[in-house]
Amino acid sequence: DTEVTQTPKHLVMGMTNKKSLKCEQHMGHRAMYWYKQKAKKPPELMFVYSYEKLSINESVPSRFSPECPNSSLLNLHLHALQPEDSALYLCASSQIQGDYYGYTFGSGTRLTVV
Amino acid sequence: EDQVTQSPEALRLQEGESSSLNCSYTVSGLRGLFWYRQDPGKGPEFLFTLYSAGEEKEKERLKATLTKKESFLHITAPKPEDSATYLCAVPSDRGSTLGRLYFGRGTQLTVWP
């Protein structure tokens with residue numbers, strides 16, 4: 001299995017809703033990442049988990065709350081989002097943090113905040 | 001200061017018309033350079049990793065090369081299905097941001113029949 005699976009593929013939520021994005025990989029990778037990508041822009045790093053511990057938080061607002069329950073699973077909990085948070089949210093993994101063999105990305109969750 | 005710069009921003013080619021995309025980088029301790037293909041609304045799809053100057057890798061109609069300051073993605077006899085945005089990325093060379101990928105803005109390639 002060489003895939004990163006993200007669910008749901010699409011999500012529409014109101015500004016008062018609470019929702020979660022899920023990411024799963026079974027490649028034995030010990031580093032997992034959340035990226036945010038706006039239209040026509042490159043992906044921007046949000047969080048890095050290494051061995052299930054938060055390693056990097058790129059000053060992301062607290063309405064985004066990451067969680068890594070185990071080595072295969074990464075969640076992103078969303079609460080009280082703003083319309084400007086609408087974007088493609090990408091999960092990625094690598095063998096270790098800072099790996100230079102490659103990073104595998106999921107297909108993303110298209111989030112729309114109304 | 002941008003770590004990765006890609007050019008051109010957009011490229012339109014007729015089917016069969018070969019060309020090259022450029023990626024220049026400024027990180028000092030290169031720990032690999034990655035090329036990805038991204039289709040609209042999808043995640044980046046891994047193409048190549050290059051590690052050292054002079055290295056070349058090929059996959060179907062694509063060939064990636066690396067020098068000390070830049071990389072090229074050569075597309076030979078492209079087909080319409082090669083239309084996508086091609087992203088170049090390098091991992092951070094700083095301990096405090098280990099694991100962060102610096103992406104270029106991408107080259108949007110359109111191949112028309």
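The values are calculated or read from the model by the stated rules, or taken from the named source; none is laboratory data. Keep in mind the model is a prediction, meaning the values are calculated, not measured. A quick note on method: Cβ atoms are made from the backbone with ideal geometry, for glycine too, and the neighbour counts reach across all protein chains shown. Heavy atoms of the whole protein, side chains included, go into the accessibility calculation; ligands, DNA and RNA do not. Shrake-Rupley method; radii C 1.70, N 1.55, O 1.52, S 1.80 Å.
What to note about this one:
- Of the solvent-accessible surface of chain A, computed with a 1.4 Å probe and all protein chains present, 49% belongs to carbon and sulfur.
- For chain B, built as a Gaussian network whose Cα springs stay under 10 Å, the top-fluctuating residue of B:Ala53, B:Ala84, B:Ala64: B:Ala53
- Cα centre as origin, Lys/Arg/Asp/Glu Cβ charges: the protein assembly as shown dipole, Debye: 440 debye
- Loop trypsin sites (Lys or Arg not before Pro), the stretch B:62-113, which have at most 13 other Cβ atoms in a 10 Å radius of their Cβ (DSSP): B:Lys68, B:Lys69, B:Arg94
- Number of partner chain Cβ atoms within 10 Å, mean per residue of A:96-106: 6
- Set against the 2.2 N^0.38 Å expectation for a compact globular protein, chain A has a Cα radius of gyration ratio of 1.00.
- B versus A: buried accessible surface, summed, Å² (probe 1.4 Å, to nearest 100): 1800 Å²
- A simple charge model with +1 on the Cβ of Lys and Arg, -1 on the Cβ of Asp and Glu and nothing else charged puts the dipole of chain B at about 260 debye relative to its Cα centre.
- Inter-chain Cβ neighbour count for B:97-108, averaged per residue, equals 6 (cutoff 10 Å, partner chain atoms only).
- For chain B, the solvent-accessible area with a 1.4 angstrom probe is 49 square angstrom per residue.
- Counting DSSP beta bridges with both ends in the protein assembly as shown, the antiparallel % (nearest 5): 90 percent
- Dipole axis of the protein assembly as shown (+1 Lys, Arg; -1 Asp, Glu on Cβ), positive-most option in A:Thr5, A:Pro69, B:Thr110: A:Pro69
- A 1.4 Å probe run over the stretch A:43-94, with the rest of the protein chains in place, finds 41 Å² accessible per residue.
- Electrostatic dipole magnitude of chain A [Cβ: Lys, Arg +1; Asp, Glu -1; Cα centre; debye, to 20]: 380 debye
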